[in-house]
Amino acid sequence: MEVKGIRAYGSIKMTEQCKHSLLKAKWWWNLLLLKWMQLKNETSFSTLLYIFGFVLVPPVVIRNDDWTWEDLCHYLYVEKAFDNIVISPGPGSPTCANDIGICLRLLHECDDIPILGVCLGHQALGYAHGAKVVHANEPVHGLLSEIEHNGCRLFNGIPFGRNSGSKVVRYHSLVIDPESLPKELIPISWTCSTDTRPFLEISNASSTSDAHGMVSSDSRSKAEKCLRVSFNSHQNIWNGKVLMAIMHSARPHYGVQFHPESIGTCFGREIFKNFREITEDHRLTHGPSVTSKGNVDYSGNKIILRKPVDKLSDGTFPCRSSELNGVGRKGVGPFDLANLSHPSNGVKFLRLAWKKYNHLASEVGGARIIFYQLFGHHKAENTFWLDSSSIEKGRARFSFMGGKGGSLWKQMVFQLPDDSGRPFEGGGYLSVEDAQGSTTNTFLKDGFFDYLNKDLSSFQYERKDYEGLPFDFHGGYVGYFGYELKVECGAAYNQHKSRTPDACFFFADNLLVVDHSSDDVYLLSIHEECNTSTSWLDDTELKLMELKTSIPEKLIEECLLHDSFTPCKVDFVAEKSKEGYISDVEKCKQYIKDGESYELCLTTQIRKQIGEIDALRLYLKLREKNPAPYAALLNFSKVDICICCSSPERFLQLNRDGVLEAKPIKGTTKRGVTTAEDEQLKMQLQYSEKNQAENLMIVDLLRNDLGRVCEPGSVHVPLLMDIESYATVHTMVSTIRGKKKENVSAIECIKAAFPGGSMTGAPKLRSMELLDSIENCPRGIYSGCMGYISYNQTFDLNIVIRTVVLHQDEASIGAGGAIIALSDPIEEYEEMILKTHAPSTAVMEFS
């Protein structure tokens, strides 16, 4: 599920032995990793093949259906391009051909190449040699166990036993039956007990202190032999303990059931380092398998395996051309997203003009008054307000607002073709309205993300224009990506057609910014280099000065919502009844038990007919009841869509320094009535085994998503399972950051992580397909993301939750929660209802 920790090995310092070997061989390439990913047809999945280069060479991604067996043999034995193989985690079972692909044959026939199986790969190693893969006594996902081991080379230098700090994160519903192990497979690690623990309860254990046991290298071989005898003598010694690792007695093949790459696993780096050294020793003993670069290009941030020109001696392995990092491929692997120089029909040279007004915001009544007065006329049509309405504890600082304005303004509306339930073939319909009101309709063969990427690539600008601005949005796109755009990001198909456009964006060339920290106000206007007009800046400045001198009392009263509201008597109607939702939770749990997923973010929607409504005043009501750091009002009046959002969750941000940040929320509980009750509920959330497991799994998923586009070794987690409190709920939030690769564009970063993992579950692709089969309606705007993408390729996008979508005289609200093996169906239903409370109450109270 998560490979960032593995990729970080490119930055490990080499041992003297490794340096010596490197000098002898001149160059050396090390790691081949198989990882899960969905196949192109709608019902099958596969394991990815990762090929790692030494030191800073990034992985190449190969899905297990990308190559024929002949292809694989060619690159392993003719090109001799790689030294070892890791068969990765994944959903499913090694008994299913679509889940494991060519990996079983690889385990059978590549007896001279070091192989490490992780989770699914571990089970495949057992299954390939005749062991039984069975259901575990209970599924374990996102929980930790302490392990014991026999001190073999894979666990060299790693302590073992209770209180040793040797905790590992487990994601599995299936296990190898240890009683079925053939004589050639040796157990090398197992759990200390039948217990599992949440992350926070044992996170204070030192990874190096109080080690219960260490096996010296001198006694390692003897220990392996003794353990083989002990565990294959049919003695009843397991007592409920779970087999955690195996090795082949005659081949350099290993398997681990746990996830060494997880953020919660101790000594994961050491395990991969040990496997690297096992590979090196094998190469020294049996001769280097990598003899020349040949047709393999490892240069830069791409690894290209060129079309081979040779065959094996028997002529049986003709091989097709394979460029593994092609952007055009539908599946999104970690390095599919190299930033090619996209062609553009025309280059736009943009300039930015701006003005700053010190401490003006409070003098004119604050952000509400400014938006209401400057952009609230005509029902706030064609306007946006990215509203940091909750700025406590530095969660947010700036609000951005604007409307239809200058000559560069345009509105883009994109809709996917209606291929519901069928494999997605690409493309979609784009409608663009320009500042003069002219509309152009186009079919985008390569989709909306590609269109935005090309459009952004056409902009040229002067960095000096925005020097001195403390924020990263200087004009550009404001809008949303709907959840069903997942088909442009690797999902095989959409089961349901969205009722709303799949993406809507303004190109905002004029905007106003409020700095809630300093109380300053900024006006910004971008224009083409040939146009030097500053009329919008001048006109808006006059309006602000008029507000400063005289704020109408009536306006303040209206904006502060002192009017009386008559509660609406017609309630929302749910897409799923209570019984139906509970039944869906049970379906999710069964999929998890069968190993199809670790975590499924199940959602539903409630709807209410509303007729004509003042969307701005509804948003102000929602803003008052549930202020949030990533709140927003978007009004696309041409397509009759207004989004009133009070989201507390950041999907993804890219700042001017090239740092990506995700802040997934997993774990929510209500606020208490009293201070004591509130603190108790907060502590219960913090130490909830279920919520910690949910959060940990999504953190690992997001580390993987960011790892696709970030510099190796740069992805880190500065805050893990932090508790944030809002007006109606406490939430468990983690922060993941990484340094973006220089050759990756902003849109490619978004595409690598979309949809947000907190709204899908993990593994992402398989989970999305399962959810499509369970949920009975499209998610649409809900579960997608909204925010800005600046013309200079910075962005900040939220997750669309706690949101009212107004469309065609209807208000809809989506809500849900993560389902894991520990989920209680009744509690999951109650959590879903809790999440609808603030937005539904705002609608019900608004007349």
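Quick look at the numbers
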item	result
Number of the condition not met by Phe636 [criteria: (1) open to solvent by less than 10 Å² (accessible area, probe 1.4 Å); (2) under 22 Å from Phe754 (Cα atoms); (3) modelled with pLDDT of 95 or more]	(2)
Within region 609-707, helices (runs of 4 or more DSSP H) holding 2 or more residues that are of a type in the set (Val, Ile, Thr)	689-707
Residue selected from region 458-472 under the condition open to solvent by 50 Å² or more (accessible area, probe 1.4 Å) and touching a residue at least 40 places away in the same chain (Cβ under 8 Å), by the criterion nearest to Gln415 (Cα to Cα)	Gln460
Residues located in region 589-608, provided they are of a type in the set (S, T, N, Q) and in contact (Cβ under 8 Å) with a residue 24 or more places away in the chain	Ser597, Thr603, Thr604, Gln605
Any chance Glu742 is assigned to a helix (DSSP H, G or I) and over 18 Å from the mean Cα position of the chain (by Cα)	no
Members of region 495-530 that are of a type in the set (Gly, Ala, Ser) and farther than 21 Å from Gly476 by Cβ	Ser498, Ser517, Ser518
Breaking point among (1) at pLDDT below 95; (2) closer than 22 Å to His259 by Cα, for Leu706	(1)
Within region 722-748, considering residues that are at pLDDT 95 or above and in contact with a Ser or Thr (Cβ under 6 Å, 6 or more places away or on another chain), the one farthest from Lys764 (Cα to Cα)	Lys739
Matching residues in region 695-733 - criterion: being charged (D, E, K, R) and within 14 Å of the chain's Cα centre (by Cα)	Asp700, Arg703, Asp705, Arg708
Flag if Gly402 is touching a Leu at 6+ places or on another chain (Cβ under 7 Å), in the same structural domain as Pro501 (by the TED database) and modelled with pLDDT of 85 or more	yes
Residue identified as under 12 Å from Val175 (Cα atoms), in contact (Cβ under 8 Å) with a residue 12 or more places away in the chain and open to solvent by less than 10 Å² (accessible area, probe 1.4 Å) among Ala81, Ala124	Ala124
Subset of region 263-280 [assigned to a loop (DSSP other than H, G, I, E, B) and open to solvent by 10 Å² or more (accessible area, probe 1.4 Å)]	Ile263, Thr265, Cys266, Phe267
Pair list, Cβ under 9 Å, 6 or more apart: region 173-194 residue assigned by the TED database to the domain that holds Ser145, other residue of a type in the set (Phe, Trp, Tyr) and part of a strand (DSSP E or B)	Pro178/Trp190; Ile188/Tyr254; Ser189/Phe160; Cys192/Phe160
Yes/no for Asn163 being open to solvent by 10 Å² or more (accessible area, probe 1.4 Å), in contact (Cβ under 8 Å) with a residue 24 or more places away in the chain and on the phi > 0 side of the Ramachandran plot	yes
Residue within region 435-442 that is surrounded by 15 or more Cβ atoms within 10 Å (Cβ to Cβ), touching a Ser or Thr at 6+ places or on another chain (Cβ under 7 Å), among the β-branched types (Val, Ile, Thr) and not in a loop (DSSP other than H, G, I, E, B) present	no
Condition met for Glu148 (without any contact (Cβ under 8 Å) to a residue 12 or more places away in the chain and of a type outside the set (Lys, Arg))	no
Single match in Gln415, Gln411 (criterion: over 28 Å from Ser773 (Cα atoms) and touching a residue at least 24 places away in the same chain (Cβ under 8 Å))	Gln411
Some residue of region 621-639 being within 19 Å of Lys404 (Cα to Cα), in the same structural domain as Gly784 (by the TED database), hydrophobic (A, V, I, L, M, F, W, C) and more than 28 Å from the chain's Cα centre (by Cα)	yes
Pick from region 488-516, criterion more than 21 Å from Ser790 (Cβ to Cβ) and either without any contact (Cβ under 8 Å) to a residue 24 or more places away in the chain or out of contact with any Pro (no Cβ under 9 Å at 6 or more places or on another chain) (or both), ranking: surrounded by the most Cβ atoms within 10 Å (Cβ to Cβ)	Asp502
Among the candidates Pro778, Pro839, residue that is outside any strand (DSSP E or B) and under 20 Å from Ala503 (Cβ atoms)	Pro778
Pair list, Cβ < 9 Å and 6+ apart or interchain, from region 711-726 residues that are farther than 24 Å from Ile801 by Cα to residues that are crowded, with 19+ Cβ neighbours inside 10 Å and of a type in the set (Phe, Trp, Tyr)	Pro712/Tyr9; Gly713/Tyr9
Enumeration of residues in region 816-836 that are assigned to a helix (DSSP H, G or I) and either β-branched (Val, Ile, Thr) or open to solvent by 30 Å² or more (accessible area, probe 1.4 Å) (or both)	Ile826, Glu827, Tyr829, Glu830, Ile833, Leu834, Thr836
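The values are calculated or read from the model by the stated rules, or taken from the named source; none is laboratory data. Because the structure is a prediction, the values reported are computed rather than measured. Here the Cβ is made from the backbone with ideal geometry for all residues, glycine too, and neighbour counts use every protein chain on show. Side chains are part of the model used for accessible areas, which takes the heavy atoms of the whole protein and leaves out ligands, DNA and RNA. Shrake-Rupley method; radii C 1.70, N 1.55, O 1.52, S 1.80 Å.
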